[in-house]
Structures are given as structure tokens and as C-alpha cells.
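A.B. asks: There's a structure below that I have some questions on.
The values are calculated or read from the model by the stated rules, or taken from the named source; none is laboratory data. This is a predicted model, so every value here is computed, not measured. FYI the Cβ positions are ideal-geometry reconstructions off the backbone, even for glycines, and counts take in every protein chain you see. For the accessible areas, the whole protein counts, side chains as well, though only heavy atoms, and no ligand, DNA or RNA atoms are used. Shrake-Rupley method; radii C 1.70, N 1.55, O 1.52, S 1.80 Å.
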Amino acid sequence: MTSLDRRTLLRAGLATGAGLAGGALLGGSGAGAVPTVGAPAWRASGRPVLTHGVQSGDVTAESALVWTRADRPGRLWVEVSRRPDLRGARVLRGPVLDPSGDFTGRVRLSGLPSGERLHYRVSVESLDGHGVRSEPLAGSFTTAPARQQRRDVRFVWTGDVAGQGWGIDPNFGGMKIFESMRRVRPDFFLCSGDYVYADGPLAETVALPDGRIWRNLVTPEKTKVAETLAEYRGQFAYNLLDEHLRAFAAEVPQVVQWDDHEVTNNWYPGEILTDARYTEKRVDVLAARAGQAYREWLPVPADGPLYRKLSYGPLLDVFVLDMRTYKDPNDGNTYADPERGLLGREQREWLIRELKRSRATWKVIANDLPIGVVVPDGPAAYEGVAQGDPGAPAGRELEFAEVLGAAHRAGVTGIVFLTADVHYTAAHHYDPARAAVRDFTPFWEFVSGPAHAGAFGPNALDGTFGPQAVFVNAPPRANTSPGAGFQHFGEVTIDGESGDLTVHLRDRDGLSLWTTTLPAPTR
């Protein structure tokens, strides 16, 4: 822990402190640096190099995580200031970056001023030569407004990055959607899972239906399904080779969920794979390695549960769910056991409790698996909440009937669900007047994605909670390439004066395909 004199910080125009986290998170493997394009090999002389840019994440009204990666062991240093030129910035001493954490590291800044744009600069000092530092990299983020600080809030969300064989091809604009999202100037980015496709190897070329050739940038870790820790690390390293994603991550703080493709398709705890591509069949082993890489390579909490609440002033609380770690096996999803489900008892009780406690105008629930969209896992099993039976809740629907019913009885208003996963964009309105369930307050679920992956859909809807597809934009054929469009992100803006919430469902270029404004609920 680094502590700084508050009087000194105030003289510099910024009150802050630092908590540090770095190194191995789930037990070191001894693996070295990931060999990727754009990441120089370790060398014993010269200046350290920051290989994959800078990122920030889980920003609150008072704190933020700042991340980077170096090409060798070194001490992380972060400067932070209200000023873009970093004049008068405070210098924070971070952890040593070493092989046990794949040379990644982060600093948690605390005591930050709320609702302000802050600027930072990151460098790494060599352990072989005192004062020998890397070229610095700069970034910025906006802290959340304080509880009584009423102002506009804007954020974007999507999911599904580099999936179905579609990697980075500069001739098709790379991961252009991240530049479109950056231009929106959001306060933060919510990634609704599938930030990487660890089970999606890339070929060097893919023939497109119109005769053109998609040419993937390929690294060694992307030539096979990920199984080792080094291979899982390489999935995150690969995505950061894209210039648009690096620029976006330097300017927009992230809130990142994980879903299935961070490990393998449609996985659940305890699963034993039958996929011939894997030599390691135990999903629990793969998930532990993937989880370590996820926490190392992203600005997310270094430990503890991945479900969490983030507050943005009086207008917004974001409830980030983990619908993978506690997931029950994929089957027919018609059981009557209330102890089974996607969330698990502890997370379900946490969600109900925190929804009741929230005084925010809007309660956004980030669900990486949609509620009413039927997502099959083979001919007789289901991956998500729904299973296609429009009758009374069964299987995993029981969990959400419990959550929605408890919120309704407690008078909770302003619930909105945001999701991705199904690789198209849609607006679904849920109403008990159309449903087999009556004990809930009408709500919206907005779907967006993919960010940069094959486009699919639309899927069938399950009538249990009365969904109606108000808008859908899906491709004419399965696995449509990012170059053909049908890549999507969503934008949410909450007006600081009225409290009204506006949603835009946008395409890869940022064009609004559909929009609606939800009036602020009255208590």
C-alpha cells in the first residue's frame, strides 16, 4: 500500500491515494511472457517496453484501476492529475511486474475527485538499472459522480470479440467498432462477456461469399484452442494488437464480465469435455487457467467474486452478474429444484438485497446471458435461462422469477437488463400481461453485439415472462463476417435533469438503428 500526504496532493490539484495489486492471482505457473506480434521478446539490456497499451476499469466516484504490461520485470509507476499535460501530477509507486503475473500489473487509485476527467501516465522502471524507464503511455478516465452529484451519465455496451474465426484484418478496418464507441465519449464501457474467444482458432485466410479474402493477423496462441495458461493469456494479448481497441481502452474505463468463450463454448463447472481438440478435458482446470489470465490482463478486481455493484451518482447503479462461475449443467432446463440455476443462492440473495437497497433512479442489470432468448446447447439442452416452454417458470427461470418477484413486492422500479451473447441486436419488452408469470413489474432487456465476431440470429423467444421483440437487427445468414456489417453496440444516456434514460442500438459505424427513451420512474 502506498500512502501519500493529503496536503501534498491537494497542492498538486488532486486528492488521491493508491492501493496496489499485481502478480499471480490464482497461483503462479512460472510461465514467461506471451510471444505475440507487437510484443518484443524479453531482453536484458535497453529500456523496458510497454507492450499492450494501458487500460482503466471499475471506476467509482473515488477510485479506479490502471493497468499495463511490460516486456520484462520492472517496477510500475503511475502519474495522475486533473491536467492533460500532467503538470503537478502525483507519482505513485506500483508493484513489480514479473513472470508470475505475465509481466502485467495494476495500481488502484483511491481518494479521487468525483465526476471529473482525470489523466494518467504509466511507465515501468527496469530492475537491472535504477532510473532506466520505458517510454511512458498516457490514458484518461472520468470518475463516477458522487451519490448526490446529479449529472448526465453516458455509457456503451456490447460483447463478443474476435469470434467464429474473424480476427484482426486491417484491410477491413480492424476492430473498427471500438473507434465508433470511442467517438461517443462514454463515461464507461460495459463488456457483456466473450471479451476473447479462447476456443476459436484463427486461420490466416477466410474466403468471403463475394469472393474477397479475409486475412487474419494470427499469433501462435490463436492457432489452436487455448488450454495452457500461456495460451489463455495469449487470447487477451491478441485483441490488444488492434489499434482501435488500444486507443479505446486508453480513454474509456471498462466494466468487464466473463461468459463462456473466455474458457470454452457453453461451459459449466464440473463439465468433462468430449471435444477432440482438447487434451485437457476437465473444464474446471481450464476455467482456473482462464480465470487467472482474465484477472491478469484486464482492469478487473484481482480477487473476490466477479459479481458486483458499481454506482454512478443518484441516477444509476450497475449490477454486474456472473452467470458462469456458479452455473448448473446444461440439460433440458425443466427441473423444479429452486437451488439450481445460473446465479447460485449467494449471488441471487445478493442481487435481491442490493436491488431493494438501491436508491438510484435506474438499476441496470448486466446479464451476460439473456432472459427470454432461447439459446440451445445441442438438440436437447439449453445454455441460458429460457428453454422455449412459454408456461410457468421451470429450470433456471425459477431464479429470475424469484428475483423479479421479490423486486416487485418491494416496490423496486427502474430495472433494465443489458446483454449480448446471441450476436445480433434487439429490444425486448417484458410484461406480465403477456406472461405466464404475473408477479413482476414490466421491464426492458436490450441486446447488443457482436463487437467483432460472426453475426447470427435472431433466436426464438420464450413466453414465460412475456417478451415482445420491439426491434431486431440480424444478418441474412449465419456467421456473417464483421466486414458485412451486423456488428452492434448499444449506447445508454441518462439525462441529469429529468432522469430519463435513452437507448440507442447502433451499428459498427455508430449509426443509430433504433432508439427509445424511458421516462424516469416515479416512486
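A.B. asks: Amide H to amide H, which residues 5 or more places from ASP152 or on other chains are under 5 Å from it, using H placed in the peptide plane?
C.D. replies: GLY496
A.B. asks: With a/c under 1.5 counting as rounded, go ahead and sort the stretch 159-226 into rounded, prolate or oblate using the C-alpha gyration tensor (a ≥ b ≥ c being the square roots of the eigenvalues; past the cut-off, prolate if a/b is larger than b/c, else oblate). Walk me through the intermediate numbers first.
C.D. replies: Values: a/c = 2.52, a/b = 1.40, b/c = 1.80.
It comes out oblate by the Cα gyration axes.
A.B. asks: HN-Hα J couplings of the stretch 252-262 from phi, Karplus 6.51/-1.76/1.60, θ = phi - 60°, integer Hz, Gly and Pro as x?
C.D. replies: Here the 3J(HN,Hα) series is 10, x, 10, 10, 10, 8, 10, 10, 8, 6, 5 Hz.
A.B. asks: Ignoring everything but the protein chains, give the 1.4 Å probe accessible area of TYR326 in square angstrom, nearest 10.
C.D. replies: 90 Å²
A.B. asks: Find the eigenvalues of the gyration tensor of the Cα atoms of the stretch 104-162, then list the square roots of 5 times those eigenvalues as equivalent ellipsoid semi-axes, largest first, in whole angstrom.
C.D. replies: Working from the Cα gyration tensor, I get semi-axes of 31, 18, 10 Å.
A.B. asks: With a 1.4 Å probe and every protein chain left in place, tell me how much accessible area GLU62 has, in Å² to the nearest 10.
C.D. replies: Looks like 120 Å² after rounding.
A.B. asks: Counting pairs of alpha carbon atoms under 8 Å apart in space and at least six apart in sequence, what relative contact order in percent does the chain give?
C.D. replies: 14 percent
A.B. asks: Remind me, relative contact order of the stretch 113-266 in percent, using alpha carbon pairs under 8 angstrom and six or more residues apart?
C.D. replies: Once normalised by length, the contact order is 26 percent.
A.B. asks: May I ask you to list the trypsin sites (Lys or Arg not before Pro) in the stretch 259-326 that are in a DSSP loop and have at most 16 other Cβ atoms within 10 Å of their Cβ? Intermediate results must be reported in sequence, preceding the final value.
C.D. replies: Details: sites: ARG277, LYS281, ARG282, ARG289, ARG295, ARG308, LYS309, ARG324; in loops: ARG277, LYS281, ARG324.
Those satisfying the criteria are ARG277, LYS281.
A.B. asks: Continuing with this model, one more query. Net charge around TYR238, counting only other residues with Cβ within less than 9 Å of its Cβ (Lys, Arg = +1; Asp, Glu = -1)?
C.D. replies: Counting the neighbours of TYR238, the net charge comes to -1.
A.B. asks: Additional query: Amide H neighbours of PHE471 under 5 Å, counting only residues 5+ apart in sequence or on other chains, H built in-plane at 1.01 Å?
C.D. replies: Distant-sequence amide H within range of PHE471: ALA427.
A.B. asks: Lys/Arg Cβ at +1, Asp/Glu Cβ at -1, dipole of the stretch 118-193 taken about the Cα centre: which of VAL184, SER126, PRO136 is farthest positive-ward?
C.D. replies: The listed residue farthest towards the positive side: VAL184.
A.B. asks: Sticking with this structure for a sec: Near ASP509, within a Cβ-to-Cβ distance under 15 Å, what is the net charge of the other residues, with Lys and Arg +1 and Asp and Glu -1?
C.D. replies: So the surrounding residues net to +2.
A.B. asks: With Cβ to Cβ distances under 14 Å as the rule, what net charge do the other residues near PHE456 carry (K, R +1; D, E -1)?
C.D. replies: In short, -3.
A.B. asks: Starting at 0 and stepping by 10 Å, how many percent of the alpha carbon pairs of the chain end up in each bin?
C.D. replies: That works out to 4, 19, 30, 28, 15, 4, 0, in percent per bin.
A.B. asks: Right, next: What's the Kirkwood radius of the stretch 405-448 in Å, using all Cα pairs?
C.D. replies: It works out to 11.5 Å.
A.B. asks: Moving to a separate point now. Counting pairs of alpha carbon atoms under 8 Å apart in space and at least six apart in sequence, what relative contact order in percent does the stretch 406-523 give?
C.D. replies: Values: 271 pairs, mean separation 28.1, N = 118.
Normalised by residue count, the contact order of the stretch 406-523 is 24 percent.
A.B. asks: Something else now. Restrict the search to the stretch 183-253; then list the GluC sites (Glu not before Pro) that DSSP places in a loop and that have at most 14 other Cβ atoms within 10 Å of their Cβ.
C.D. replies: Within the stretch 183-253, the qualifying GluC sites (Glu not before Pro) (loop, at most 14 other Cβ atoms within 10 Å) are GLU204.
A.B. asks: If you don't mind, there's one more thing I want to ask. Quote the charge dipole size of the chain about the Cα centre in Debye, to the nearest 20; the model charges only the Cβ of Lys and Arg (+1) and of Asp and Glu (-1).
C.D. replies: On the way: 57 positive and 63 negative charges, 435 e Å.
That gives the chain a dipole magnitude of about 2100 debye.
A.B. asks: Sort THR274, THR223 by accessible area with a 1.4 Å probe, largest first.
C.D. replies: THR274, THR223
A.B. asks: Can you give the accessible area per residue of the chain, in Å², using a 1.4 Å probe?
C.D. replies: Result: 36 Å² of accessible area for each residue.
A.B. asks: With every protein chain in place, what's the accessible area of HIS408 (1.4 Å probe, Å², nearest 10)?
C.D. replies: Number for this one is 80 Å².
A.B. asks: Can you tell which of PRO113, TRP214, TRP157 lies farthest toward the positive end of the dipole of the stretch 101-249, using +1 and -1 charges on the Cβ of basic and acidic side chains (Lys, Arg; Asp, Glu)?
C.D. replies: It is PRO113.
A.B. asks: OK, next. Please sort by residue number the trypsin sites (Lys or Arg not before Pro) in the stretch 402-475 whose DSSP state is loop and whose Cβ has at most 14 other Cβ atoms within 10 Å.
C.D. replies: Values: sites: ARG409, ARG434, ARG438; in loops: ARG438.
In loop regions of the stretch 402-475 (DSSP not H, G, I, E or B), the sparsely surrounded trypsin sites (Lys or Arg not before Pro) are ARG438.
A.B. asks: Heavy atoms only, 1.4 Å probe, whole protein assembly: order SER481, SER498 by accessible area, highest first.
C.D. replies: SER498, SER481
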